Amino acid sequence: MKKLKLIGICLFICCLFEGRAQDKTVWINGMPDDPGYFPIAVWLQDPTDATAYKQGGINLYMGLWQGPTEDQLSALRAAGIPVMCSQNSTALSHLDDSIIVGWTQQDEPDNAQSDGSGGYDPCIDPEIIVGLYDDIRKNDPTRPVYLNLGQGVSYTDWVGRGACTGDTLSYPDYIEGCDIVSYDIYPVTSKYDLIRNNLWYVPQGIDNLRRWSGGDKPVWCWIETTHINSENKPTPSQVKAEVWMSLIHGADGFGYFCHEWVPEFNANALLDDPIMFPAVSKINARIHQLAAVLHSPDIHGLVSVESGNTAVPVDMMVKHFQDTLYVFAVSMRDGTTTAAFTLNGIRDGEVTVIGEDRKLTVSEGIFEDLYEDYGVHLYKMSLPNTGVKKEMAGSFSIFPNPCSDLLTIHTDLPIECLTLTDLTGKIIEIQAPPGEDQFDVSRIIPGTYILQVLTTAELHHHKILIQNAF
């Protein structure tokens, strides 16, 4: 990866960001619209186990076997875990029930479909899926519709799609039949040599769905945790790697597949696993702790990473939240490498490795870390001690303050970027480049905000009071 020559940390924090691919629709009866909420689901599990799953950090049920039934909804309500389920007659009688937060489409319509006689019919025409979506929305437009696709999303030549194998042009059409799209591929337990133990197939599918959806809809995936139908079984570290690969590549939610058929059928094999369930509970706790950070905009260009072993690339996600820089990184192949992270505009400092009880030194803008076997490391660094100029004296003024319409910024230096944030650091609006020395706040909800003004040499932070026009 090329190291970019950049003008400094301030420009990238203020201007070079990218929001997560999300449908901006607010679903009245959907999942919580809360930056502290990150959806982590289980697939087709017994609602009587909901309390146990909740203790492990699961906050969503996906699908109900031969349901929903009244008993299933009652059990979930008692446990306080919401569900996305099929829209049967029982569900339609519960349109005012907050325990239902979404509707599910038919699972994996892109695969060849069983004909009931041991053979297979082609994949389902996307127009049928879109038609089902329209019907679901007519019954209830207040909740999102969820669609899960098969492993052909990532392994595009997968023969399980039958006559549809290799047809990736149909995927954007399938995605028109949902509000949230996901897919599943299980590399460790795969029966295909090409896929087995190549964990990077999981984020590859995330990349494809984000591209095919045009960045307009949330993208999720499913993570393997059991034998499923294989003699192989993922380790806790492999599960952690699949989860963080997905998040780093843009997943807006994910779920765990809990069933297994080998050595014998167990529908809740994850919950019964004395090693794996505590491990995923730990993963979930970390994600919930970082949920607001994960929901914040991505920062591009501020940090670059170079792997010392070109056969083991390292991918990363960079965030800036509440005056803290976060770098989440994972090695994308099995093997060992040392990754060198270059922090543009930061000369020296100290990086905390989250959850590992260790710190790394930044020297001349670089810190290094060891990655082994799909390793995951999460870093954070406080920005106030990095040499970034937070306030500057000199010829600079903002007026009027309080303001209800146009703020005027006076400075002797050209303005590169204007960024308005709330007091938590959430970006409200950006002008980059602004083109003039005024910022229109007339459409902003009244309150107290921080205006960041980046010039060619300085970064100014000023508290602004926005009020209603009288």
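Since every read-out is calculated from the coordinates, none of them should be taken as a lab result. This one's a predicted model, so the numbers in the text were calculated from it and none came from an experiment. Cβ atoms come from the backbone with ideal geometry, glycine included; neighbour counts cover every protein chain shown.
Quick notes on this structure:
- Residue-wise HN-Hα couplings along segment 333-344, as the Karplus relation 6.51 cos²θ - 1.76 cosθ + 1.60 with θ = phi - 60° gives them from phi, are 9, 5, x, 10, 7, 10, 9, 10, 9, 9, 9, 5 Hz; Gly and Pro carry x.
- Charge tally for ASP46 (other residues, Cβ to Cβ under 13 Å; Lys, Arg +1; Asp, Glu -1): -3.
- Rounded to whole numbers, the Karplus 3J(HN,Hα) couplings from phi for segment 200-210 are 5, 5, 5, x, 4, x, 4, 4, 5, 5, 5 Hz, using 6.51 cos²θ - 1.76 cosθ + 1.60 with θ = phi - 60°, and x at Gly and Pro.
- Gained length - ILE430 relative to SER117, 0.36 nm times residue gap less alpha-carbon distance: 106.8 nm
- With a threshold of 18 Å on the Cα-Cα distance, the over-threshold entries among LYS319/LYS380; LYS191/LYS240; LYS54/LYS380 are LYS191/LYS240; LYS54/LYS380.
- DSSP bridge pairs, the chain: antiparallel proportion in percent, nearest 5: 70
- Here is how the number arises for the chain: DSSP H runs of 4 or more residues each give -39500 (n - 2.57), the sum is divided by the residue count, and the result at 222 nm is -5500 deg cm²/dmol.
- DSSP beta bridges in segment 21-295 [antiparallel fraction, %, rounded to 5]: 10
- Cut-off 11 Å between beta-carbons: net charge of the residues surrounding GLY150, Lys and Arg +1, Asp and Glu -1: -3
- Angle in degrees between helix 126-139 and the longest Cα principal axis of the chain, rounded to the nearest 10: 80
- Partner aspartates and glutamates for LYS233 [C-alpha distance under 17 Å; skip if fewer than 8 residues away on the same chain]: ASP184, ASP193, GLU224, GLU242, GLU260, GLU264, ASP272, ASP273, ASP334, ASP373
- Once the Cα atoms are used to define both axes, helix 276-289 deviates from the longest principal axis of the chain by about 30 degrees.
- Each Lys and Arg contributes +1 and each Asp and Glu -1, all at the Cβ; summed about the Cα centre of the chain, the dipole is approximately 1280 debye.
- For segment 109-223, share of DSSP beta bridges that run antiparallel, in % to the nearest 5: 20
- Summed residue charge, Cβ within 12 Å of LYS359's Cβ, Lys/Arg positive, Asp/Glu negative: -2
- The 3J(HN,Hα) values that the Karplus relation (6.51, -1.76, 1.60; θ = phi - 60°) gives for segment 144-157 are, in residue order, x, 10, 9, 10, 10, 10, x, 5, x, 4, 9, 8, 5, 9 Hz. Gly and Pro appear as x.
- For the chain, radius of gyration divided by Kirkwood radius, i.e. Rg to Rh on alpha-carbons: 1.00
- Radius of gyration and Dmax over the Cα atoms of segment 21-295, both given in Å: 17.6, 50
- Highest mean packing first, where packing is the average number of other Cβ atoms within 10 Å per residue, the peptides 287-300, 130-143 line up as 287-300, 130-143.
- Dipole of the chain computed with +1 at Lys/Arg Cβ and -1 at Asp/Glu Cβ about the Cα centre; of ILE58, MET381, PRO35, farthest Cα towards the positive end is MET381.
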